[in-house]
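The values are calculated or read from the model by the stated rules, or taken from the named source; none is laboratory data. Note that the structure is a prediction, hence the values are computed from the model and not measured. Cβ coordinates were reconstructed from backbone atoms using ideal geometry, including for glycine residues, and neighbour counts include every protein chain displayed.
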Amino acid sequence: AQSVTQPDIHITVSEGASLELRCNYSYGATPYLFWYVQSPGQGLQLLLKYFSGDTLVQGIKGFEAEFKRSQSSFNLRKPSVHWSDAAEYFCAVGAMEYGNKLVFGAGTILRVKS
Amino acid sequence: DAGVIQSPRHEVTEMGQEVTLRCKPISGHDYLFWYRQTMMRGLELLIYFNNNVPIDDSGMPEDRFSAKMPNASFSTLKIQPSEPRDSAVYFCASSYGIHEQFFGPGTRLTVL
């Protein structure tokens, strides 16, 4: 069965520090991957996506993610976190073989301390 | 574009009542998804449509839940009768083909 694991439920970083949020997946097909961000009381907003090609993808708000097939990972990074980045982050995985369904991870709540 | 529109944004109802949630997808999108988000279960896909046709409803919890998409610009998710355990945030999302899904702001449902 397809699954997505975000091992960290909560992460706290200082403003200006670097950030890495982990995402591992288990899929029986070639995946395509997304990172979404959700602020309190809001819907999910797409940060970045990977379908094919360059395994390092750039997204909005200074975020990037790297697809590592050998590790089944798609970790999200940001070199310098801003207080406005505090939110919940979701990794999602899909595959052409499974139609247009996405499987979402449980989310990682990011807290930024000043 | 206004994005995905959901109504109402908040709904408070009593157990046993019928609840109808509404969604207007982004114009031109051919996929529409209904999700439910709770603290305990996270984000769950309930059902999705392609070109107004239900493709996969395996996530619909039980017969009390039903969803329709009468045309490309409107969908409803109905719960009848509602129960307290249905309290959650319900999201509608749409996409064009196999691309990123765009989410609406959600409907927060509270069943007393």
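Counting only residues that are away from every other protein chain (no Cβ under 14 Å), over 11 Å from the mean Cα position of the chain (by Cα) and in a strand (DSSP E or B), the range B:47-68 holds 0 of them.
So, of the residues in the range B:37-67 that are surrounded by 13 or more Cβ atoms within 10 Å (Cβ to Cβ) and among the charged types (D, E, K, R), which turns out to be farthest from A:I9 (Cα to Cα)? Here the residue is B:R64. Scanning the range A:12-29 for residues that are surrounded by fewer than 16 Cβ atoms within 10 Å (Cβ to Cβ) and at pLDDT 95 or above turns up A:T12, A:S14, A:E15, A:G16, A:A17, A:S18, A:E20. Filter the range A:81-111 for residues that are facing chain B (nearest Cβ under 7 Å) and over 12 Å from the mean Cα position of the chain (by Cα); which is farthest from B:F49 (Cα to Cα)? Top of the filtered list is A:M96. Go through the residues of the range B:82-105 one by one and say whether even a single one is in a strand (DSSP E or B), buried (at least 16 other Cβ atoms within 10 Å of the Cβ), within 14 Å of chain A (Cβ to nearest Cβ) and of a type in the set (D, E, K, R). Checked against the condition, which is being in a strand (DSSP E or B), buried (at least 16 other Cβ atoms within 10 Å of the Cβ), within 14 Å of chain A (Cβ to nearest Cβ) and of a type in the set (D, E, K, R), the range B:82-105 yields no hits at all.
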